[in-house]
1. What is the local net charge at residue 266, summed over the other residues whose Cβ is closer than 11 Å to its Cβ (Lys, Arg +1; Asp, Glu -1)?
2. Size of the dipole of the stretch 283-338 about the Cα centre, Lys and Arg at +1 and Asp and Glu at -1 on the beta carbon, nothing else charged, in debye to 20?
3. For the stretch 62-206, taking Cα atoms only, what is the radius of gyration to one decimal and the Dmax to the nearest whole Å?
4. Note the full-extension length gain between residue 267 and residue 148 as 0.36 nm times their separation in residues minus their Cα-Cα distance, in nm to one decimal.
5. How large is the convex hull of the Cα atoms of the stretch 18-59 per residue, expressed in Å³ as a whole number?
6. Would you be so kind as to identify all helices of the chain, as entire DSSP H runs, whose Cα atoms reach 27 Å or more along the helix's own axis and whose mean Kyte-Doolittle hydropathy is at least -1.0?
7. Using amide H atoms built 1.01 Å from N in the peptide plane, name the residues 5+ places from residue 286, or on other chains, whose amide H lies under 5 Å from its own.
8. Could you look at the chain and say what percent of its accessible area is carbon and sulfur, using a 1.4 Å probe and all protein chains?
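The values are calculated or read from the model by the stated rules, or taken from the named source; none is laboratory data. Remember, it's a predicted structure, so these values are computed and weren't measured experimentally. A quick note on method: Cβ atoms are made from the backbone with ideal geometry, for glycine too, and the neighbour counts reach across all protein chains shown. Just the protein is used for accessible areas: all its heavy atoms, side chains included, with ligands, DNA and RNA removed. Shrake-Rupley method; radii C 1.70, N 1.55, O 1.52, S 1.80 Å.
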Amino acid sequence: MNILVTGGAGFIGSHVVRRLVNTYPNYHIFNLDALTYAGNLENLTDVESASNYTFIKGDITDVDFIDALFVEHKFDGVIHLAAESHVDRSITDPMAFVKTNVMGTVHLLNAFKSVWQDNYKGKRFYHVSTDEVYGSLGKTGLFTETTSYDPNSPYSASKASSDHFVRAYGETYGMPYVISNCSNNYGPNHFPEKLIPLFINNIIQNKPLPVYGDGNYTRDWLFVEDHARAIDLVFHDGNNGETYNIGGFNEWTNLNLVKLLCQQMDEKLGRPTGESEKLITYVKDRPGHDLRYAIDSTKINKELGWKPSVTFEEGLAKTIDWYLENEEWLSSVTSGAYQAYYKKQYQ
Ligand code: NAD
Ligand code: DAU
């Protein structure tokens with residue numbers, strides 16, 4: 001099988017590519033990535049010379065390039081992760097999200113459709129999406145696969161739109177698809193614009209930890225390798241036309257999470273207990289900030305036997321260790337354009 005993974009040089013994509021290359025020597029894994037600020041081939045040095053792996057630099061919004069690529073390689077399966085993924089950036093530049101997340105997804109659907117001429121036996125298009133499409137929960141309740149879509153940010157609106165297009169191609173053209181909607185991931189190779197890696201980097205550097213609003217927003221956190229394992233499972237064993245919610249049953253308010261992070265970092269850096277917590281600084285809230293996300297992952301557990309493999313404390317400790325052992329990675333991704341982004345976002 002020729003499998004195309006889009007966005008494979010990004011955070012989650014790199015864990016998916018590694019897993020597929022190592023687990024399925026009989027597949028050829030093509031990693032298509034535009035290498036935006038979030039894409040980094042350093043994430044994949046351990047598999048870059050594997051005989052069943054090929055990296056292709058390219059943009060999913062380039063129609064001619066995408067069409068030609070599908071004609072050349074006739075991908076049997078697509079696992080689509082390429083996206084603009086940061087909510088704060090979507091607030092300042094929504095069009096970039098429309099272009100990549102909506103139009104890019106539709107270009108891929110068209111190319112897949114065109115190359116198989118609606119004759120899809122043994123083929124599959126897998127769209128990797130987010131729980132943010134469901135909007136915000138109040139203090140109780142969980143998102144299930146039948147929760148209505150109610151996106152609040154340009155990012156989640158663009159992901160919701162792309163989910164709808166995938167579903168529409170299934171209904172209209174009989175394209176075999178699966179979609180999964182996952183909660184907040186964390187782990188190695190996470191770009192330090194997102195809460196956990198940004199705060200790890202700032203703690204290392206003794207810089208303020210910018211908590212939005214009062215910090216009482218809740219997210220459900222999942223270790224990235226558990227998400228990659230779920231993606232592998234859904235791709236192979238999920239039923240066509242189905243959606244699977246993926247989450248950790250692991251809710252934390254941002255403030256409690258940051259306190260746990262500070263505590264673990266103090267221990268690992270040999271700082272006095274409470275030292276890093278002093279860096280917490282309350283800053284202006286994110287506009288349209290969703291109060292709470294929480295996933296009901298009963299369906300994937302019951303139907304495919306998936307459940308998270310690590311506790312949050314274990315996963316967070318592994319994540320911190322990775323960042324402390326990979327300071328070169330961290331300093332290379334936080335130089336240059338990152339400094340300008342940080343200044344604009346936080347000053
Ligand atoms: P990321 O920002 O780390 O990586 C995105 C990757 O896509 C990068 O390598 C980037 O270079 C590539 N890319 C961006 N635009 C492209 C384009 N036009 N053409 C080709 N490649 C392009 O994102 P992530 O956090 O790894 O998220 C991956 C996917 O998973 C996204 O679709 C996201 O919506 C979804 N998701 C993320 C989370 C999370 O917590 N991070 C949770 C649920 C779902
Ligand atoms: O739920 C899945 C989604 O999780 C994914 O689809 C997105 O791609 C991913 O970025 C993530 O979105 P969030 O907006 O939840 O993640 P982020 O790390 O940006 O923020 C987590 C919480 O922390 C959120 O309530 C905002 C808050 N926050 C974030 C940053 C970057 C802060 O308080 N300060 C910050 O500096």
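1. Values: positive: 259, 268, 271, 278; negative: 267, 275, 277.
Result for the local shell: +1.
2. Details: 7 positive and 10 negative charges, 81 e Å.
With only Lys, Arg, Asp and Glu charged at Cβ, the dipole is about 380 debye.
3. Calculated on Cα positions, Rg and Dmax stand at 17.1, 57 Å.
4. On the way: separation 119, 0.36 × 119 = 42.84 nm, distance 4.30 nm.
Full extension of this stretch gives 38.5 nm more.
5. It is 64 Å³ per residue.
6. Details: long enough: 154-173 (28 Å, -0.80).
Helix filter hits for the chain: 154-173.
7. Result for residue 286 returns 213.
8. It is 50 percent, rounded to a whole number.
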